[in-house]
Amino acid sequence: VFLSISTFLYSIFTGFFISRQASRFNKVRETVTKFDGLMSNMYRTSGHISAELQQEIGDVVKAHYEKIFVTKQWNYHFENKSDTLSSIHDLLEEHIDEKNVTKLANQSIGAIVKGLGAAQDVRKSMLALNRERVPFEQWILILFFVAMLVGTVSTMESVGMIWPAVLKAAFVISVLSVMYILYRLNNLAFTEDLMGAESAQDVIDIIDGNK
């Protein structure tokens, strides 16, 4: 009875947290992709203003993503100070000459400024999502249930009995596997690939002229 109650409570708690963290994981992936889309759009749009500006914005955006690949931290620019957006702002001020701005260029400038605002909003959302982790107190509760389950199962007699021993091992592995999945989701590292790596590489390929 004690084992059944402990298993039930453990399933309820871990199921709730895994569902919540899985939802957070998907939101982060969508937000990262949206940010990447804004970066590539600003790069393409800057071409309507001047080739020189487009090249310099491309260098800023490319440096942004190269830093992610070098550090292998998808959230590098969210955990550390980033000057990507401010650098693009500075480049706009440096290159825009009111006397030479055509109607198309003027519209492009407006689109880039709007994109910078949207990118800043996305960055704020990413910062919030990145911090929505399982609280320390709740980890203690989960670990308490894990200890109870593993301890209770370990006390069951299985010496010389193959099938009970196999069931005990399978039960313990299942409990620990659920913990591992929750841990990976909590750290937004559910997949082996770098978060948003394909989307980031796509932006770099656009700047390099490969797409």
Take the Cβ-Cβ distance between Thr155 and Lys27 as r, set R0 to 41 Å, and report the resulting FRET efficiency rounded to the nearest 0.05.
-> 0.45
Pick out which of Asn80, Asn41, Asn26 has the largest mean-square fluctuation in a Gaussian network model of the chain, springs linking Cα atoms closer than 10 Å.
-> Asn80
Here are several values of semi-axes √(5λ) of the Cα gyration tensor in Å: [x] 52, 16, 12; [y] 29, 24, 15; [z] 38, 21, 13. Which one was derived from the coordinates shown?
-> [x]
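Taking every pair of Cα atoms in the range 81-126, average 1/r, invert it to obtain the Kirkwood radius, and report Rg/Rh to two decimals. Before the final figure, lay out the partial values.
Numbers: Rg = 12.2 Å, Rh = 11.6 Å.
On the Cα set of the range 81-126, Rg over Rh gives 1.05.
Accessible area per residue, 1.4 Å probe, Å², for the range 23-80: what's the number? Don't skip to the answer; put the middle values down first.
Working: 2920 Å² over 58 residues.
It amounts to 50 Å² per residue over the range 23-80.
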Quick one: putting +1 on the C-beta of Lys and Arg, -1 on the C-beta of Asp and Glu, what dipole do you get for the chain around its Cα centre, in Debye to the nearest 20?
-> 820
Where the accessible area of the chain is counted over protein heavy atoms with a 1.4 Å probe, how much of it, in %, is carbon and sulfur?
-> 58
To the nearest 0.05, how large is the calculated FRET efficiency for Ile18 and Ala51 if R₀ is 45 Å and r is the Cβ-Cβ distance?
-> 0.35
Among Met39, Phe136, Gln54, which residue has its Cα positioned farthest towards the positive end of the charge dipole of the chain, with +1 placed on the Cβ of Lys and Arg, -1 on the Cβ of Asp and Glu, and the dipole taken about the Cα centre?
-> Phe136
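In the chain, which helices (entire DSSP H runs) extend 18 Å or more along their own long axis, judged by Cα positions, while averaging at least 1.6 on the Kyte-Doolittle scale?
Values: long enough: 2-46 (66 Å, 0.06); 51-71 (30 Å, -0.12); 103-130 (40 Å, 0.25); 136-154 (27 Å, 1.86); 162-186 (36 Å, 1.48).
Result, helices passing both filters: 136-154.
The values are calculated or read from the model by the stated rules, or taken from the named source; none is laboratory data. All of these numbers come straight from a predicted model, not from anything done at the bench. Methodologically, a virtual Cβ is constructed for each residue, glycine included, from the backbone with ideal geometry; neighbour enumeration extends over all protein chains shown. We work out accessible area using only protein heavy atoms, side chains counted, and drop any ligands, DNA or RNA first. Shrake-Rupley method; radii C 1.70, N 1.55, O 1.52, S 1.80 Å.
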